[in-house]
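Student: First the structure, then my questions, so here it is.
The values are calculated or read from the model by the stated rules, or taken from the named source; none is laboratory data. Treat the numbers as computed from the prediction; the structure is a model and nothing was measured. Every residue, glycine among them, receives a Cβ derived from its backbone with ideal geometry; neighbour counts consider all protein chains shown.
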Amino acid sequence: MEIARATEIFDRLYSSVPAYEIAQSEKKRTGKLDASTTYGEIVPQAFYEVLSAVTPREGEVFYDLGSGTGKATLLAALAFPFRRSVGIELLPGLGDAARQVLGQFDAQVRPQLPADHQQRQIEFIDGDFLQADLSEADVVFAHGTCYPHEVIHGLAMKLAELRPGARVVFVGHTFDTPELGFLRMMKMRTDWGSALAALYQRR
Ligand SMILES: C[S@@+](CC[C@H](N)C(=O)[O-])C[C@H]1O[C@@H](n2cnc3c(N)ncnc32)[C@H](O)[C@@H]1O
């Protein structure tokens, strides 16, 4: 689907989701107050440009590691030909918000979309991405400017196990992992400012 149409749908679905408030209260409720749960979100056009640079192909599987209210996951499913888009989020209240938006999407938007969109799977999983099974992932996105060193280290090991050919877009850090071939850096606008996205391909 054209990015303009995807953005229109996306803006409607997310117009009244108080993401930062949910993140703040979930951090307090769960006691997960460290830097890794610092919140921030993608903006559609910039996300689209960065993801386009790793050329998502028909039938591939997308993962967002640390998916928040699900913006990147939903937009990936709308604007690219992924067969399946999965978000993994540590704070359950954010996962609940993502599933609520997905419920609205399924009820109000999906039935109006072309047949190929009707079949696309979108899923939001509560949990720690460091424990997740990423064996089916073809394109992995993570927006983790504030992830601390130990999380980055854990992620680097996890991403080294992706299947050959899988692509990674990491916003906020670079990896020095031999299994990940560096593709390029891109400037990416987010809702909190400008960041750098590092693009890799699993060797
Ligand atoms: C900067 S936000 C990005 C949200 C979304 N990906 C976006 O770009 O719009 C990072 C998210 O990662 C989550 N997170 C941090 N560590 C995590 C972990 N180990 N497993 C799953 N989610 C995690 C945080 O709670 C937060 O919601």
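Student: Would you confirm whether any residue within region 80-89 is touching a residue at least 24 places away in the same chain (Cβ under 8 Å), under 22 Å from Arg184 (Cβ atoms) and among the charged types (D, E, K, R)?
Tutor: Looking through region 80-89, none of the residues is touching a residue at least 24 places away in the same chain (Cβ under 8 Å), under 22 Å from Arg184 (Cβ atoms) and among the charged types (D, E, K, R).
Student: What are the pairs, 6+ residues apart or on separate chains, where a residue within region 25-49 that is under 25 Å from Leu199 (Cβ atoms) and among the aromatic types (Phe, Trp, Tyr) has its Cβ under 7 Å from a residue that is within 10 Å of the ligand (Cβ to nearest atom) and not in a helix (DSSP H, G or I)?
Tutor: Pairs that qualify, where the first residue is under 25 Å from Leu199 (Cβ atoms) and among the aromatic types (Phe, Trp, Tyr) and the partner is within 10 Å of the ligand (Cβ to nearest atom) and not in a helix (DSSP H, G or I), are Tyr39/Gly68.
Student: Of the conditions (1) closer than 23 Å to Gly103 by Cβ; (2) in a helix (DSSP H, G or I), Ala4 clears all except one; give me its number.
Tutor: Single failed check for Ala4: (1).
Student: So, one more: What are the residues in region 13-36 that are in a loop (DSSP other than H, G, I, E, B) and either near the ligand (Cβ under 10 Å from one of its atoms) or touching a helix residue (DSSP H, G or I) at 6+ places or on another chain (Cβ under 8 Å) (or both), if any?
Tutor: Val17, Lys32, Leu33, Asp34
Student: Which of the following residues is within 24 Å of Asp11 (Cβ to Cβ), modelled with pLDDT of 95 or more and touching a Gly at 6+ places or on another chain (Cβ under 8 Å): Thr145, Thr190?
Tutor: Of Thr145, Thr190, the one residue that is within 24 Å of Asp11 (Cβ to Cβ), modelled with pLDDT of 95 or more and touching a Gly at 6+ places or on another chain (Cβ under 8 Å) is Thr190.
Student: Quick one: in region 48-93, which of the residues that are among the hydroxyl-bearing types (Ser, Thr, Tyr) and under 22 Å from Lys28 (Cα atoms) is farthest from the chain's Cα centre (by Cα)?
Tutor: Thr69
Student: Looking at region 160-172, which of its residues are out of contact with any Asp or Glu (no Cβ under 6 Å at 6 or more places or on another chain) and surrounded by 18 or more Cβ atoms within 10 Å (Cβ to Cβ)?
Tutor: Passing the criteria: Leu162, Arg167, Val168, Val169, Phe170, Val171, Gly172.
Student: Could you list, in sequence order, the residues of region 173-188 that are of a type in the set (D, E, K, R) and either surrounded by fewer than 13 Cβ atoms within 10 Å (Cβ to Cβ) or in contact with a Ser or Thr (Cβ under 9 Å, 6 or more places away or on another chain) (or both)?
Tutor: Asp176, Arg184, Lys187
Student: If the requirement is being surrounded by 14 or more Cβ atoms within 10 Å (Cβ to Cβ) and within 14 Å of the ligand (Cβ to nearest atom), which of these qualifies: Asp96, Asp191, Asp138?
Tutor: Selected residue: Asp96, the only one of Asp96, Asp191, Asp138 that is surrounded by 14 or more Cβ atoms within 10 Å (Cβ to Cβ) and within 14 Å of the ligand (Cβ to nearest atom).
Student: Against the conditions (1) within 11 Å of the ligand (Cβ to nearest atom); (2) surrounded by fewer than 18 Cβ atoms within 10 Å (Cβ to Cβ), where does Ser52 fall short? Just the number, please.
Tutor: The number of the failed condition is (1).
Student: Return the pair list, or none, for Cβ contacts closer than 7 Å from residues in region 105-125 that are at pLDDT 95 or above to residues that are of a type in the set (A, V, I, L, M) and not in a helix (DSSP H, G or I), at least 6 apart or on different chains.
Tutor: Glu123/Val86; Ile125/Val86; Ile125/Ile88
Student: Inspect all residues belonging to region 100-114 and state whether any of them is closer than 30 Å to Glu150 by Cβ and surrounded by fewer than 20 Cβ atoms within 10 Å (Cβ to Cβ).
Tutor: no
Student: The conditions are (1) out of contact with any Leu (no Cβ under 7 Å at 6 or more places or on another chain); (2) touching a residue at least 40 places away in the same chain (Cβ under 8 Å), and Ser15 fails exactly one of them. Which is it?
Tutor: (2)
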